[in-house]
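The values are calculated or read from the model by the stated rules, or taken from the named source; none is laboratory data. From a predicted model like this one, the values you see are computed outputs, not experimental measurements. A quick note on method: Cβ atoms are made from the backbone with ideal geometry, for glycine too, and the neighbour counts reach across all protein chains shown. Quick note on the areas: whole protein, heavy atoms, side chains included, nothing else; ligands and nucleic acids left out. Shrake-Rupley method; radii C 1.70, N 1.55, O 1.52, S 1.80 Å.
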Amino acid sequence: MTEEKPRKMAFICSKGNLDMAYPALIMGWAALTEGVDVIIFFTFWGLDMINKKRVDHLKLPPVGNASMRTGMMGFPIDFGIPQWMGVLPGMTEIATALMKKKIAEVEAPPVKEMLEMLHDAGAEMYACKMTVDMMGLKEEDLLDVVDGIVTAGQFIEMTEDAQIIFI
Amino acid sequence: MATKVIANKEVEVNDEGYLVNPDDWTEDIARAMAEELGIELTDRHWEVIRFVRNYYKEHGKSPTMHQISKGAGVPTKELFKLFPKGPAKKVARIAGVPKPEGCI
């Protein structure tokens, strides 16, 4: 009898903006509930997602984001928000609060809670060693869901048979 | 669609083995489905199965993993232990309801 090798997916999280934290979490969760093994590597700004001090303060800056439109705020007319408005004080906070509300509306939990769900479901999570060193972080600065701090090379070894998704 | 005899009852199942009509479901079918998936049902499994059945009756759709965990009060970790490797699909199949469509 030949044993079928389980499918494995690896996500590389390299962004620290709120909207870029969710793709890996949602796809990773979907993979786990389908019986696929999941491994997540947090590198560069993605490290904010597992930084105790940062995880609850991820933001969505509206500047440079052509998809931020008035329609999503519930306005009847859907027009792009001018870039200059995005730099006004408080705009990032407004956009972030709006996005958090939208996320809650589809019943997606906050980032920290989702990380815990994925961890409990068996996902492995690793922090990038070079970024940890570069940012002057220590293991105790990271959430408990993190399984360890590894080098890029170690991550490549771990994901030999995985499908890799870079975010 | 095909008909299949599960636990001495002829029922319609889809390509993936889910019951087409959730009303065909019996506890014996659940046991047979679970056995096929290599799961021996305990009281805790039944709690989850009943929650899923009730949720389906109330909402007309299957609950997602997160909804089961919150609604039935079964922690994620335990859910994945009760129905290893893909609990979303497995619970739905055993409970005789369609595959859940939500992402979370």
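The table for this structure:
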item: Output for segment B:68-89, where each listed residue is open to solvent by 40 Å² or more (accessible area, probe 1.4 Å) and either closer than 17 Å to A:Asp37 by Cβ or within 10 Å of chain A (Cβ to nearest Cβ) (or both); result: B:Lys70, B:Pro75, B:Lys77, B:Glu78, B:Lys81, B:Pro84, B:Lys85, B:Lys89
item: Test: residue in segment A:50-70 that is open to solvent by less than 70 Å² (accessible area, probe 1.4 Å), among the hydrophobic types (A, V, I, L, M, F, W, C) and within 14 Å of chain B (Cβ to nearest Cβ); result: no
item: Residue that is nearest to the other protein chains (Cβ to nearest Cβ) [pool: residues in segment B:90-104 that are in contact with a strand residue (DSSP E or B) (Cβ under 9 Å, 6 or more places away or on another chain) and open to solvent by 30 Å² or more (accessible area, probe 1.4 Å)]; result: B:Arg93
item: Meets criteria (away from chain B (no Cβ under 14 Å) and within 15 Å of the chain's Cα centre (by Cα)) for A:Ile149; result: no
item: Residue selected from segment A:19-44 under the condition within 11 Å of A:Met9 (Cβ to Cβ), touching a residue at least 12 places away in the same chain (Cβ under 8 Å) and of a type in the set (Gly, Ala, Ser), by the criterion surrounded by the fewest Cβ atoms within 10 Å (Cβ to Cβ); result: A:Ala31
item: Those residues of segment A:85-111 which are open to solvent by less than 70 Å² (accessible area, probe 1.4 Å), more than 14 Å from chain B (Cβ to nearest Cβ) and not polar (S, T, N, Q), in sequence order; result: A:Met85, A:Gly86, A:Gly90, A:Met91, A:Ala95, A:Ala97, A:Leu98, A:Met99
item: Check on A:Gly86, out of contact with any Cys (no Cβ under 8 Å at 6 or more places or on another chain) and more than 28 Å from A:Trp29 (Cα to Cα); result: yes
item: From A:Ile77, A:Ile156, A:Ile149, residue being within 28 Å of B:Pro84 (Cα to Cα) and either open to solvent by 90 Å² or more (accessible area, probe 1.4 Å) or not in a strand (DSSP E or B) (or both); result: A:Ile156
item: Residue satisfying condition, being without any contact (Cβ under 8 Å) to a residue 24 or more places away in the chain and among the charged types (D, E, K, R), within set A:Asp147, A:Asp161, A:Asp56; result: A:Asp147
item: Residue match in segment B:32-40 (condition: closer than 29 Å to A:Ala108 by Cα, surrounded by fewer than 19 Cβ atoms within 10 Å (Cβ to Cβ) and out of contact with any helix residue (DSSP H, G or I) (no Cβ under 7 Å at 6 or more places or on another chain)); result: no
item: Failed item in (1) touching a strand residue (DSSP E or B) at 6+ places or on another chain (Cβ under 9 Å); (2) surrounded by fewer than 18 Cβ atoms within 10 Å (Cβ to Cβ); (3) more than 14 Å from chain B (Cβ to nearest Cβ), with A:Gly122 passing the rest; result: (3)
item: Filter result for A:Val111 (in contact with a Cys (Cβ under 9 Å, 6 or more places away or on another chain) and not small (Gly, Ala, Ser)); result: no
